[in-house]
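The values are calculated or read from the model by the stated rules, or taken from the named source; none is laboratory data. This is a predicted model, so every value here is computed, not measured. Counting neighbours? That spans all protein chains shown, and the Cβs are built from the backbone with ideal geometry, glycine included. Surface areas here come from the heavy atoms of the whole protein model, side chains and all, with no ligands, DNA or RNA. Shrake-Rupley method; radii C 1.70, N 1.55, O 1.52, S 1.80 Å.
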Amino acid sequence: MTSVSLGMPAAPPPVLAPRRKTRQIQVGSVGVGSDSPISVQSMTTTKTHDINATLQQIAALTATGCDIVRVACPTDKDAEALKIIAMKSQIPVIADIHFQPKYVYAAIEAGCGAVRVNPGNIRQFDDQVKEIAQAAKDHGTSIRIGVNAGSLDRRLLQKYGKATPEALVESAIWEASLFEEHGFHDFKISVKHNDPVIMVRAYELLAESGDWPLHLGVTEAGPAFQGTIKSATAFGALLSKGIGDTIRVSLSAPPVEEVKVGNQILEALNLRPRKLEIVSCPSCGRAQVDVYTLADQVTEGLEGMSVPLRVAVMGCVVNGPGEARDADLGVASGNGKGQIFVKGEVIKTVPEDQIVETLIEEANRLAAEMDLGNDENPSSGSPMVTVG
């Protein structure tokens, strides 16, 4: 019998750069800033005044790993619904405010964890900063100053000609100074653009200018595939330098997909504990089995698994045995059969048509034993699994 250790390593995994030091704020129960883990946000697509539908979508987002949720507030009915939604949501709620400053006060009084304000399109916003800051301070509500390329203040568009990185940053710093002038510091900033290159440069400039926590986002990033690529590229460039304290992947897709992508980006950079990770072959003429189908079926069969398990689905004898041996669980396939590995040891060989069910069965067995190990020894990050 061989004892093998599963689970996350005892030492923190390496990251590309230390987090940029920022001031710390709270969005409800979630800390935002360099003293807290990077959080993942999304936004509901329901009409906020449809309270049941909104809460159902928030529950789905929460189950997917969303830390903070934003809801739109364009009407009086939406503002009236905020109190119930903020009270019943399992994660902090941010009210998204545009055009009407009265909804800023309504959201604060409703108990939202934060309010997102867009200075470029709220009427006479700068004249009301003192009152907004006082109301937020009185209720323990934080603010996100959300500058967007598509709704930049007209004065800055006239000055720069278009939404350049410098224009976005000047807008953000100006609004930040107004809040700070009134002794309010519980805010984070975003400077979003649909072009990842402009967006990255804007955040770099902003990070050099102050210690504010930063919310990362590529706005109007596009459909799921394009938006994922643009967001991963931009976030990777910034997070690899330690810039960014909370993120939202904006996709023309169901919001749970945004959360899945956001979590995967953070996991890939070791900025969030890795859960299930599927390692599989690319397209290759050496493959002796249908790797595409195998990988898809294993991924589908293990959807929702939350333990840190690395599963390798390999299709040839070149890299297959090595990758499968290095994973927690893996298969090296060829000639119509697959060798099943658990932590470097071959435990069985099965026909090709039994590979998927065997991997799923073994993954569930290992996950159950890992959970049991954690229950018996909560202080241990590496439960032991015994295999023959």
With a 1.4 Å probe and all protein chains kept in place, how much accessible area does E369 have, in Å² rounded to the nearest 10? 60
Candidate residues M305, M87: accessible-area rank, largest first, probe 1.4 Å: M87, M305
Beyond 11 Å, how much of the Cα-Cα pair distribution for segment 91-136 remains, as a whole percent? 62
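Compute the FRET efficiency between T233 and E361 as 1/(1 + (r/R0)^6), taking r as their Cβ-Cβ distance and R0 = 41 Å, and round to the nearest 0.05. All intermediate terms of the calculation are to be shown ahead of the outcome.
Numbers: r = 37 Å, r/R0 = 0.91.
Efficiency at R0 = 41 Å is approximately 0.65.
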For segment 24-269, with the dipole built from +1 on Lys and Arg beta-carbon atoms and -1 on Asp and Glu ones, taken about the Cα centre, which of P74, G113, P213 lies farthest toward the positive end? P74
Express in Å², to the nearest 10, the accessible area of V289 obtained by rolling a 1.4 Å probe over the protein heavy atoms while all chains stay in place. 20
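For the chain, take N as its residue count and report Rg(C-alpha) divided by 2.2 N^0.38 Å. Show your work: numbers first, answer last.
On the way: Rg = 23.8 Å, N = 388, 2.2 N^0.38 = 21.2 Å.
Output field value: 1.12.
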With charges only on Cβ, +1 for K and R and -1 for D and E, what is the dipole size of segment 24-269 about its Cα centre, in debye, rounded to 20? 480
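Return the carbon/sulfur percentage of the accessible area of segment 24-269, one whole number, probe 1.4 Å, all protein chains in place. The partial results should precede the final answer.
Working: 5170 of 9790 Å².
About 53 percent, which is the carbon plus sulfur part of the accessible surface.
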Counting only Cα, what are the radius of gyration and maximum Cα-Cα distance Dmax of segment 42-188, in Å? 15.5, 45
Please report, largest first and rounded to whole Å, the three semi-axes of the ellipsoid equivalent to segment 22-113, where each semi-axis is the square root of five times an eigenvalue of the C-alpha gyration tensor. 21, 16, 10
Jot down the radius of gyration and Dmax of segment 276-373, Cα atoms only, both in angstrom. 12.2, 42
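Can you show me the helix-derived [θ] at 222 nm for the chain, built from DSSP H runs with n ≥ 4 at -39,500 (n - 2.57) apiece and divided by the number of residues, rounded to the nearest 500. Intermediate values should be presented prior to the final figure.
Details: 12 runs with 154 residues, N = 388.
Mean residue ellipticity at 222 nm (helix-derived): -12500 deg cm²/dmol.
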By accessible area with a 1.4 Å probe, ligands and nucleic acids excluded, highest first: order of L157, L178, L238: L157, L178, L238
L366 - accessible surface, heavy atoms, 1.4 Å probe, Å² rounded to 10: 0
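Order the following by accessible area, largest value first: R272, R310, R116. Probe radius 1.4 Å; ligands, DNA and RNA are ignored.
Working: R272 45, R310 75, R116 10 Å².
From most exposed to least exposed: R310, R272, R116.
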